[in-house]
Amino acid sequence: ISGFVKTTDIQLWDENDRLDIHLGQFRQKNGRDPNPEELLDIMFSKMELPGIADDKKNDQFEIIELARSIAVNGVRKPPILDVDGTLLDGNRRVAACYYIRNSDEFDSEQKRRAEYILVWQLTEHATDDDRNAVVVSLNFESDCKLDWPDYIKARKVYEEWQSMLTLEPRLPGRQRQAEMKRELSMKFALGPDTG
């Protein structure tokens, strides 16, 4: 079944295999399981854990990049919940929605877009094999998506920029161009840096 659920009503799945090492390190350091807020901090790479830190990458789960995409396009692939509401697939998407809701980077419309998300939920007839099939099919099988090459992406951005310029009543000044570049960057989920 499918329907919209308030993002804050979905708790991250602490049995997600992607978090296994992180949770082991948290338990070793703190002698307990993380609470929901701490689990979010782990997903946001805000919590230093022994043997986990990677100085070169401060967003291990790439939540910020995903959040920027969701802020523009919404959640395109619904997270999957078990019959009891346990999140089986979509930890990163849900964490990205939490990030959008709590970050100053996003405007009120983008925050609204992340407030309720479409989810799929297993029915009471789902078996353990069905649950395993969800996890395996969504994490082992390729969706066969082939990303556009950079030159095609660059052309799309350039064409949109030219279109924006034609809508201006006169050649925009430096400040207006900076605003337009921010709009363009957000439209293509490129983030706040317009360089």
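The values are calculated or read from the model by the stated rules, or taken from the named source; none is laboratory data. Small disclaimer: the values here were computed from a predicted structure and weren't measured. For neighbour counting, all protein chains shown are included, and Cβ atoms are generated from backbone atoms with ideal geometry for every residue, glycine included. These area figures cover heavy atoms from the full protein model, side chains too; ligands, DNA and RNA do not enter into them. Shrake-Rupley method; radii C 1.70, N 1.55, O 1.52, S 1.80 Å.
Is there a residue being in contact with a Leu (Cβ under 9 Å, 6 or more places away or on another chain) and of a type in the set (D, E, K, R) anywhere in region 118-139? Can you show your working first?
Taking region 118-139 as the starting set, the residues that turn out to be in contact with a Leu (Cβ under 9 Å, 6 or more places away or on another chain) are 119-122, 130-131, 134-135, 138.
Retained after the next criterion (residues that are of a type in the set (D, E, K, R)): 130-131.
The answer is yes; a qualifying residue exists.
Could you list, in sequence order, all residues of region 1-52 that are more than 19 Å from the chain's Cα centre (by Cα), β-branched (Val, Ile, Thr) and either buried (at least 18 other Cβ atoms within 10 Å of the Cβ) or farther than 21 Å from Gly90 by Cβ (or both)?
Scanning region 1-52 gives a single hit, Ile52.
If we scan region 126-147, do we find a residue that is modelled with pLDDT of 90 or more and over 25 Å from the mean Cα position of the chain (by Cα)?
Within region 126-147 (the criterion being modelled with pLDDT of 90 or more and over 25 Å from the mean Cα position of the chain (by Cα)), the answer is no, since none of the residues qualifies.
Kindly indicate whether Phe26 is under 30 Å from Ser185 (Cα atoms) and among the aromatic types (Phe, Trp, Tyr).
Values: under 30 Å from Ser185 (Cα atoms): no; among the aromatic types (Phe, Trp, Tyr): yes.
So Phe26 does not fit the description; no.
Which numbered condition in (1) open to solvent by less than 70 Å² (accessible area, probe 1.4 Å); (2) in contact with a helix residue (DSSP H, G or I) (Cβ under 7 Å, 6 or more places away or on another chain); (3) modelled with pLDDT of 90 or more is the only one that Val72 fails?
(3)
Show me the helices (runs of 4 or more DSSP H) found entirely inside region 96-195 where at least 1 residues are open to solvent by 50 Å² or more (accessible area, probe 1.4 Å) and more than 30 Å from Ser2 (Cβ to Cβ).
150-167, 174-187
Tell me which residues, restricted to region 103-128, are in contact (Cβ under 8 Å) with a residue 60 or more places away in the chain and of a type in the set (Gly, Ala, Ser).
Matches in region 103-128: Ala114 only.
From the list Asp104, Asp82, Asp33, Asp17, which one is under 30 Å from Lys187 (Cα atoms) and of a type in the set (Asp, Glu)?
Going through Asp104, Asp82, Asp33, Asp17 in turn, the sole match is Asp104.
Do we have any residue at all in region 55-62 that's among the hydrophobic types (A, V, I, L, M, F, W, C), touching a helix residue (DSSP H, G or I) at 6+ places or on another chain (Cβ under 7 Å) and either farther than 22 Å from Arg182 by Cα or open to solvent by 40 Å² or more (accessible area, probe 1.4 Å) (or both)?
Looking for residues that are among the hydrophobic types (A, V, I, L, M, F, W, C), touching a helix residue (DSSP H, G or I) at 6+ places or on another chain (Cβ under 7 Å) and either farther than 22 Å from Arg182 by Cα or open to solvent by 40 Å² or more (accessible area, probe 1.4 Å) (or both), one finds at least one in region 55-62, hence yes.
Name every residue in region 86-95 that is open to solvent by 30 Å² or more (accessible area, probe 1.4 Å) and assigned to a loop (DSSP other than H, G, I, E, B), in order of residue number.
The answer is Thr86, and nothing else.
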